[in-house]
Amino acid sequence: MMTLSVLLTAMSTQATTRKVLFIGNSYTYTNNMPLMLQTLATALGDTLVYSQSDPGGYTLEEHCTYAPTLSLIFSQQWDIVILQEQSELPAFSPAQVDTQVYPYARELDSMIHANDSCTQTMFLMTWGHADGDPLNCPVYPPICTYDGMQQGLRDSYMQMTHDNQAIVAPVGAAWKVMRDSFPAIWLYQSDSDHPVVPGSYLETCVLYNSIFHKKTFGASYLDGLSITDAQTIQSVADKVTLDSLTQWQQYGHYPNAGFGNSQAGNRVTFLYTPTVASGYTWKFGDGATDTAAAPTHVYTANGTYVVSHTASAPCFSETVTDTVHIGTTRISGPNNNAENTSPVYTTQNGNGNVTFLFPDKQVYSALEVYDASGRCVRRYSVSTRSVSDNFIPGFYLYRAYSPDGSTLYYNKMIVY
C-alpha cells in the first residue's frame, strides 16, 4: 500500500532557531499550545525558544499595563512577538474596534520595537465561536453567526497587520477551511469557543508554517491524533498558510525565500515574488550566481542541479534549496517523492468538483487518485489535456504515470 509520506516536498530550508514571545490569553495557553509548537518544531528539525504571558481573558489593552507582560517584552531580544487579542473584541463594530483594539495593538508594537527594532511583530488571527456570539448579537448582528464573526476577526487582524507593518498567522482562515471541508474533525470544546486538541494542533501547525516557512505534512509529532486526522490538519495548515504567504507576510521585515521555476529546454526562469526582502543571492548549482529578484539562467549541460536562494532583509535572512532537472526526468518508485518538470495541476470550483490539467498530455498515460487511507478511488487514462470529476471533500493524493508505467509525479490535494 502506498504511504502518505511520499508527499514531502523536495524544497529544503535550513534548520532555524527562533526566540518567540507569546502575548495572549487562554486561546494561546489552552492545551499548552506553545509547548506543542516547540515539540513540533523539534520534530521537524528546528528550534523554538519561547516565553508566554497569557492570563485568561486578557485583552491587548490589559497587557499594555500588565507588569509580567512588560517585563517579558524588555527581558531580551526576541525574533518574533506574537500578539493575540481577546476572542470577541476584534469582531465587534469597526467603531468599537477602532477605540478598544487598534490603539493597544499599536502601543504594544511600539514597546516591542523600543526593546529591539529587529523584532518582528506577528498577530495571531483567531477563530469565530462555533455559533457566533449570541451574547453580543443583539448589539452587533454581523457576529450572530460563525461566518460573520470569522469575517470580522479576519478583517481586524489584517488591518492590525497593515497598520503595524507586521505579519499574521492565519489560524482563523485555516479554521474556516477545516470547518467547511472537514466538519468531522471537531475543533471546539463544549463552550463552543476554546479549542480541543485538534484545534490547538491546527493552531500549532499554522504558527509553525508562519514562523519557519516550512510544511508540517509528514511530521512525526501528532499529539495523540490519528495519522489521518493529523495529516489532514497539517495539509490544511500548509495550504492556507504557505500557498498565500505573500498575503499574510506582505508587510514587516521577515523575508521568505521560497521559489518556483518555469523551464523551456535548458533555459530556466526562477519564479519569486519579492515582498519585504531587499537582497537576493542565487546559486544555480553549476557555479553561476545572480542577485536579481527573479533571474533567468541557461544551463549548458544536462543534469540535476541543486539551486540555492537566499532572501535577505536588514534583520533576517532565509535560504532554501531545490533541484532543477535539465534534459532529464526524475522517475522513482511509489515510496519516493517523484517529480518532473511538467507536473499535473488541479483547479476547483467548490462542491467537490476537481479538474486535472495535463500541460503536455503526451508525457502521461494514466492518473490515479488515492484517499487518505491509501485506497485508489479513481483511475483515468490520459487522452486529453484535462479531466473533471466530483469527489467527497477531504484529503487525497494523486500520481501520474508515464507511457511505460513508471510513476512520474506525486502531489496532494484538499478537495473542498
Qualifying residue in segment 182-191 (condition: modelled with pLDDT of 95 or more, hydroxyl-bearing (Ser, Thr, Tyr) and buried (at least 16 other Cβ atoms within 10 Å of the Cβ)): yes
Tabulated pairs, segment 73-89, first in contact (Cβ under 8 Å) with a residue 24 or more places away in the chain, second small (Gly, Ala, Ser) and outside any strand (DSSP E or B), C-beta under 7 angstrom, 6+ apart or interchain: LEU83/ALA105; GLN84/GLY24; GLN86/GLY57
Members of segment 192-217 that are assigned to a loop (DSSP other than H, G, I, E, B) and either touching a His at 6+ places or on another chain (Cβ under 8 Å) or crowded, with 16+ Cβ neighbours inside 10 Å (or both): SER192, ASP193, HIS194, HIS213, LYS214, LYS215, THR216, PHE217
Cβ pairs under 6 Å, 6+ apart, first in segment 113-129 and in contact (Cβ under 8 Å) with a residue 12 or more places away in the chain and among the hydroxyl-bearing types (Ser, Thr, Tyr), second assigned to a helix (DSSP H, G or I) and open to solvent by less than 10 Å² (accessible area, probe 1.4 Å): THR119/ILE112; THR121/ILE112; THR126/TYR27; THR126/LEU153; THR126/GLY172
Among the residues listed as ASN256, ASN266, the single one being in contact (Cβ under 8 Å) with a residue 40 or more places away in the chain, of a type outside the set (A, V, I, L, M, F, W, C) and crowded, with 21+ Cβ neighbours inside 10 Å: ASN256
Within segment 12-97, strands (runs of 3 or more DSSP E) holding 2 or more residues that are closer than 23 Å to TYR157 by Cα, of a type in the set (Gly, Ala, Ser) and open to solvent by 60 Å² or more (accessible area, probe 1.4 Å): none
Meets criteria (exposed (fewer than 14 other Cβ atoms within 10 Å of the Cβ), modelled with pLDDT under 95 and more than 30 Å from THR126 (Cβ to Cβ)) for THR304: yes
Total residues in segment 138-161, condition under 18 Å from GLN100 (Cβ atoms), open to solvent by 30 Å² or more (accessible area, probe 1.4 Å) and out of contact with any Ser or Thr (no Cβ under 6 Å at 6 or more places or on another chain): 6
Filter result (within 15 Å of SER75 (Cα to Cα) and in contact with a helix residue (DSSP H, G or I) (Cβ under 7 Å, 6 or more places away or on another chain)) within segment 99-115: LEU108, MET111, ILE112, ASN115
Residue within segment 271-294 that is open to solvent by 10 Å² or more (accessible area, probe 1.4 Å) and in contact (Cβ under 8 Å) with a residue 60 or more places away in the chain present: no
Given (1) open to solvent by 40 Å² or more (accessible area, probe 1.4 Å); (2) in contact with a Gly (Cβ under 8 Å, 6 or more places away or on another chain); (3) modelled with pLDDT under 65, index of the condition THR407 fails: (1)
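The values are calculated or read from the model by the stated rules, or taken from the named source; none is laboratory data. In this text, all values refer to a predicted model and were calculated from it rather than measured experimentally. Neighbour counts are summed over all protein chains in view; Cβ atoms, including those assigned to glycine, are modelled from backbone coordinates with ideal geometry. All accessible areas refer to the heavy atoms of the entire protein, side chains included, with ligands and DNA or RNA removed. Shrake-Rupley method; radii C 1.70, N 1.55, O 1.52, S 1.80 Å.
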